[in-house]
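One structure is given here, and the rest of the page talks about it.
The values are calculated or read from the model by the stated rules, or taken from the named source; none is laboratory data. Treat the numbers as computed from the prediction; the structure is a model and nothing was measured. Don't worry about glycine lacking a Cβ; one is built from the backbone with ideal geometry, like all the others, and counts go over all protein chains shown. Calculation scope for accessible area: heavy atoms of the full protein, side chains included, ligands and nucleic acids excluded. Shrake-Rupley method; radii C 1.70, N 1.55, O 1.52, S 1.80 Å.
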Amino acid sequence: LTVSPAISYALKIEGDKILQIWVSENIQTQLGYTSEEALLPDWWAGHIHPDDKKRAQANFLSLFETGTLDHQYRFLCKDGTVIWVQDQLRLVLDGSGKPKEVVGVWINITDRKRAEEALRESEQKHRSILESMDDAYYELDLKGNLVFFNEALISKTGYSREELMGMNYRQYISPETRKKVAKEFSEI
């Protein structure tokens, strides 16, 4: 387990107390903390990024209703860096159906989060360029319905944004060109 990128852990439930009882040794290579440090009371809550703490703690409490939880939040490493973790948990019940322990894994998803953010920024930049063009621009789904269009299309067609959204391209092109466009669209 020390070379695994996933950090495994177990929590024991005693009445209204939740105690960290085990964490895999690879926590030191992944987050910089020793297993002993991670077993200290309130260690987890004390290292969640402040902006994510309330949400992460509320999500954790929902585990007792759902039995499983898969959530993401930022976490503070020992060296001060902030990473994103995916925390996957499962509630274990005793023979009488009462919560006995929680088992889970943390996975560092920082690279994936950075890639998602870069993609969002790139998409936003391209959308801004398309929105500001003087030429009409639109995107269609596979059925030919409008899913994105710029202001130029609105001004050139005379339809409102609400009228255009979801409209099929066949509704706003001239009957003379409808056949030709339909043929080309089918080929694409």
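Keeping all protein chains in place, calculate the accessible area per residue for the chain (probe 1.4 angstrom), answer in Å². Intermediate values should be presented prior to the final figure.
On the way: 12050 Å² over 188 residues.
Using a 1.4 Å probe on heavy atoms only, each residue of the chain averages 64 Å².
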Report task. Extending each Cα 7 Å along its Cβ direction at residue 116 and residue 8, get the distance between those two points in nm, one decimal. Result -> 2.6 nm
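Starting from the Cα-Cα distance between residue 96 and residue 29, subtract it from 0.36 nm times their residue separation and give me the gain in nm to one decimal. Mind showing how you got there, number by number?
Numbers: separation 67, 0.36 × 67 = 24.12 nm, distance 3.84 nm.
My answer for the length gained is 20.3 nm.
Counting only pairs 8 or more places apart or on different chains, how many lysine pairs in the chain have C-alpha atoms closer than 14 Å?
Numbers: 12/98; 12/100; 17/98; 17/100; 143/183.
Count of close lysine pairs: 5.
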Requested in this report: Mind sorting out which of (1) 15.6, 49; (2) 25.9, 76; (3) 18.5, 56 is the real Rg and Dmax of the Cα atoms in Å computed from the coordinates?
Outcome: (2)
Query - Label-reachable residues, the range 78-104, where backbone N falls under 19 Å from a point 7 Å from residue 18's Cα toward its Cβ - result: 85-94, 97-104
Query - Derived scalar couplings ³J(HN,Hα) [the range 91-101; Karplus, 6.51 cos²θ - 1.76 cosθ + 1.60; whole Hz; x for Gly, Pro] - result: 8, 10, 9, 7, x, 8, x, 8, x, 10, 7
Query raised in the report: Can you pull the percent of the range 107-174's accessible area that's carbon plus sulfur, 1.4 Å probe, other chains left in place?
Result: 52 percent
Requested in this report: Along Cα→Cβ, 7 Å out, is where each label goes; now give me the distance between the ones at residue 131 and residue 88 in nm to one decimal.
Outcome: 3.7 nm
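Just to verify a number: FRET efficiency for residue 70 and residue 168, C-beta to C-beta distance, R0 = 35 Å, to 0.05? Working shown, then result.
Working: r = 38 Å, r/R0 = 1.09.
Calculated transfer efficiency: 0.40.
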